[in-house]
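Peer 1: One structure, as C-alpha cells, below. Some questions next.
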C-alpha cells in the first residue's frame, strides 16, 4: 500500500480529494481559465459516467476542488456510489503508518451481494462499450476541432462555440474519467492482494505484469519521433540545423528532404497536442514546435540505443498472490491493460477539445483587446471561462477597465507563487498529505544527465553528456515524444498506469514515478533503477 504523510494539522471533514485522477492533464498549477474548464467538464463527465451506470448520481455535486491552482477530485463521493451500487470496496489509504478507509462500509451479505453483482457487471459492460465507442468519440472531437480551426471568428461564431465547449468537452472527458477512475480501483485492489508492506516491490510486479502497450497514441508519437531522429541523423544539413537552435521561422529554414516531410506528417496528426497540454494557455505544436525540435536535437546528440520492449509477464505477480486470489489478480491485470488503451485514446480525444478551446479563447481575447478590455490577448487565460463569456456577451461592465485589468494582474502574480509551492498529493478535508514512496514503473537500470521540459522550451539543454534522463512533473501523455531521446525517465508524481509509464515499457526505457517535487530541482547525473524504485544522484 502506498504510504502518505500528513504535513500539517488541520480539520478533517470526511471528504478525501486526490490529484492523481487529473494529473496527466494538470501536472502543475493552472491558469484560472484552464482550471475552470477542467472543473466543469470533469464534473459533467463524472455525472454522465455514473448516470450511464444507473447509479443515480446527485446532480450539481462538487467533484473538483482547486487547491493552489491544482485540481483535486473528490474520491469519497465516487467510492460511495461504487460501494452502494456495485459492492466495490472503498479505498484504504495508509497515512502516517495507519490504514484508514475513506468512507464507512461493511461487506454486503448474500442477498445484497446478488444485487450489487448486477451493478459490478454494469461497470464492466459500460467500460467495454466505451472502448468500442472510442473511435467515434475521437472522430467527433477531431471534427469539432477542425470546424473550430476553420472559423473566421465573427462575433456570432465566438458566441456559438462558447456555448458548445462544455458540452463537447464533457463528452470527450467521459471515457477518460471512466478509464482513470477504474484504473485506480483495479490497481488498489491488486496492491491489497500483494504485500502491502512492500509497495515498491508490489508496484514493480504490477508493472511487469502489465508490460508495454502494443498500440496506443503515446507509442505512435514515440515511434514517429524515432523515425524523425533517424532521418535527422542521416542528413548533415538537418543535424547542423538542429544544433543551430534557430527554430524561429522554421518552415522557411528547415532543410528539405525526408526529415521535412516527416515533421510535416507528424504535425498533421499531432499538431494539436503539446507537452503540458492540459494547460490551455500553452501553445500547441502546430503553433510552436520548438520542443519537438529540441527533443530531436537531444536524440541526435545522444544517439540512443533501441531497447527491447518489456513483454507482459504476469507469472511473478501471480506467484506472489494467495492461491485463492490468483484468478482475480489475473482478471485485474487484463482489465488494467484494456483500461490503459481506453485512457490513451480518451486523452487523445480530449486533446482535440483542449486545442479547439484554446483557439476560441484566443479569438475571444483578440476581440477583447480591441476596446482594451484586455491589455494583451494572452490575458484571457487569467479569467475563468464564465467570466470570458460575460465579457463576450456584455454582462461584465467594461467601463471599469482598470478593475478588469487588475483581476488579471493579481491572478498572474498568485499563479506565479503557486507554481513555486511544493504540490501535495491528497487532501483529507483541510489536511494535506504527500506520498512518501517512489514507485518503479518500467524495469531496467540506466543513468544520464537530466533534461527537463523547461530546457526543451528554452533550448538550454546541456550537451556534455550523451546519455540523458528526462525528468518532469507527471508522466503525461504527450511527453512520450521525449522517450526516444532518453535512456530513462523519472517524474515527481504519477502511477504505474500513467501514459508515459505504459509507453516507456513498450520502448524498454526504465522509469520511476512519485519521486516528489524536489526531483525537479535536480541538475546532476541520475541513476534510475526501474526495478527497485531507487533514484541515485551520481
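We did not get these values from a lab; they are worked out from the coordinates using the rules stated. Please read all numbers here as calculations on a predicted model, not as lab measurements. No Cβ is skipped: glycine too gets one built from the backbone with ideal geometry, and neighbour counts run over all protein chains shown.
Peer 1: Could you work out the pair-distance distribution P(r) of the stretch 123-246 from its alpha-carbon pairs, with 5 angstrom bin width and percents rounded to whole numbers?
Peer 2: It works out to 2, 8, 10, 11, 12, 11, 12, 12, 11, 7, 3, 1, 0, in whole percents.
Peer 1: Assign one of three labels to the stretch 12-156, namely rounded, prolate or oblate, based on the Cα gyration tensor with a ≥ b ≥ c the square roots of its eigenvalues; rounded applies when a/c is under 1.5, prolate when it is not and a/b is larger than b/c, and oblate otherwise.
Peer 2: Oblate, since a/c reaches 1.5 and b/c is not below a/b.
Peer 1: Please work out the Cα center distance from the stretch 364-428 to the stretch 71-98, rounded to the nearest Å.
Peer 2: If you average the Cα positions of each part, the centres end up 35 Å apart.
Peer 1: What does the extension gain come out to for residue 128 and residue 143, with contour length at 0.36 nm per residue minus their alpha carbon separation?
Peer 2: 3.0 nm
Peer 1: In what order do 333, 481, 380 fall by count of nearby beta-carbon atoms within 10 Å, going from fewest to most?
Peer 2: 333, 481, 380
Peer 1: List the extent of the Cα atoms of the stretch 91-185 along each of their three principal axes, largest first, rounded to whole Å.
Peer 2: 60, 35, 18
Peer 1: Okay, moving on. What is the fewest-to-most order of 486, 187 by other Cβ atoms lying within 10 Å of their Cβ? Before the final figure, lay out each step's value.
Peer 2: Values: 486 27, 187 21.
Sorted ascending by nearby Cβ count, the order is 187, 486.
Peer 1: Also, I was wondering about something else. Run the simple label-point estimate for residue 401 and residue 105 please: 7 Å along Cα→C-beta, distance reported in nm.
Peer 2: 5.7
Peer 1: Could I ask something else about it? Could you let me know the centre-to-centre spacing of the stretch 36-65 and the stretch 168-189, using Cα atoms, in angstrom?
Peer 2: 12
Peer 1: Does the chain come out rounded, prolate or oblate by the C-alpha gyration tensor, with a ≥ b ≥ c the root eigenvalues, rounded set by a/c under 1.5 and, if not, prolate when a/b is larger than b/c and oblate if not? If you can, show how the numbers build up before the last one.
Peer 2: Details: a/c = 1.59, a/b = 1.12, b/c = 1.42.
Oblate shape, in that a/c is at least 1.5 and b/c is the bigger or equal ratio.
Peer 1: Counting DSSP beta bridges in the chain, what percent are antiparallel, to the nearest 5?
Peer 2: On the way: 31 of 43 bridges.
Approximately 70 percent, going by the DSSP bridge assignments.
Peer 1: Would you list 145, 421 from fewest to most Cβ contacts within 10 Å?
Peer 2: Arranged by neighbour count, lowest to highest, 145, 421 become 421, 145.
Peer 1: Name the shape class, rounded, prolate or oblate, that the alpha-carbon gyration tensor gives for the stretch 1-66, where a ≥ b ≥ c are the square roots of its eigenvalues, rounded holds for a/c under 1.5, and otherwise prolate holds if a/b is larger than b/c and oblate otherwise.
Peer 2: Judged from the Cα gyration tensor, the stretch 1-66 comes out oblate (a/c at least 1.5, b/c at or above a/b).
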